[in-house]
Amino acid sequence: MVIKFRLQSLYRMAVAAIMLTGMLTGMGALAASDLKERIKVRDVNVRLSDIFSDISFDKDKDVFAAPMPGQSMNVSTTKLWDIAQINGIDWDKPLVSKGIRVIREGRPVNIDALEALLGEEMKNRGINEDVKVSIFGLTNSLYLPVNSDELEIEIFSLTLSTKQDRYRAKLLWPLGDGSSKEIDLNGSIELVRLVPVLNRTLMPGEVIEKSDISWTNVSIKSITTTTLQST
């Protein structure tokens, strides 16, 4: 009986030890950091807490530069592992590659405002006529930082073609932290002039009133001797 009792006691102790080990292992697993599933940032840098879960405030810091506003970047498992090791983060490197995609939030730039900004700079450089500026390329890929606006864009240089119908511009694009990045734009310039046009259809014999007239910019190339230019 004594032997049986001791065996039962040893069995219970072994079961308790196994359960305790499981609990401790489970607690360790909960405490370990894991990758966040969706990573969206607004700032110019990506922080530890943007990538890993369970990062305390005192250990949080910038780890690498974020992409330009409105753009994204891939971060490899190897880079994530290096970041975890350097910063003492308990993260189990997966056997299968588990890279992440970081998206930088941004505000689509107002293309009309940007073209107007370029037009004003062209006037400052000697073009006396009103101009219509067009930007070539994927203008829908231009984004500003969430809390920035077009007034923060600076024209670094502007070169006009001999015929003054094309331009190349270098802009200092705000990044959101007081710094900027140089980007290139190019496009066309069209000289325009304000001419009066009817804003409604008039019947024969009707008197044209001032309220019937609007003013619109028309390409100078399309203006002929028959074009009404004043009222």
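The values are calculated or read from the model by the stated rules, or taken from the named source; none is laboratory data. Treat the numbers as computed from the prediction; the structure is a model and nothing was measured. We place every Cβ from the backbone using ideal geometry, glycine too, and count neighbours over all the protein chains shown. Remember, those area values only see protein heavy atoms, side chains included, never the ligands or the DNA or RNA. Shrake-Rupley method; radii C 1.70, N 1.55, O 1.52, S 1.80 Å.
Roughly how many Å² is the accessible area per residue of segment 90-174, as a whole number, for a 1.4 Å probe?
61 Å²
So, in Å, what gap is there between the alpha-carbon centers of segment 77-115 and segment 137-160?
Each part reduced to its Cα centre gives a spacing of 24 Å.
Just add up the charged neighbours of PHE136: K/R +1, D/E -1, any other residue whose Cβ is under 12 Å from the Cβ of PHE136.
Neighbourhood net charge equals 0.
For THR78, what accessible area in Å² do you get when you roll a 1.4 Å probe over the heavy atoms of the protein chains, rounding to the nearest 10?
80 Å²
Over 23 Å apart: what share of the alpha carbon pairs of segment 43-173 falls there, rounded to a whole percent?
51 percent
If packing is taken as the average number of other Cβ atoms within 10 Å across a peptide's residues, how do 166-177, 147-158 rank, most packed first?
166-177, 147-158
Mind scanning LYS40/LYS123; LYS40/LYS170; LYS98/LYS170; LYS61/LYS98; LYS170/LYS210 and naming the pairs with a C-alpha gap bigger than 32 Å?
Where the Cα-Cα span goes over 32 Å, the pairs concerned are LYS40/LYS123; LYS98/LYS170; LYS170/LYS210.
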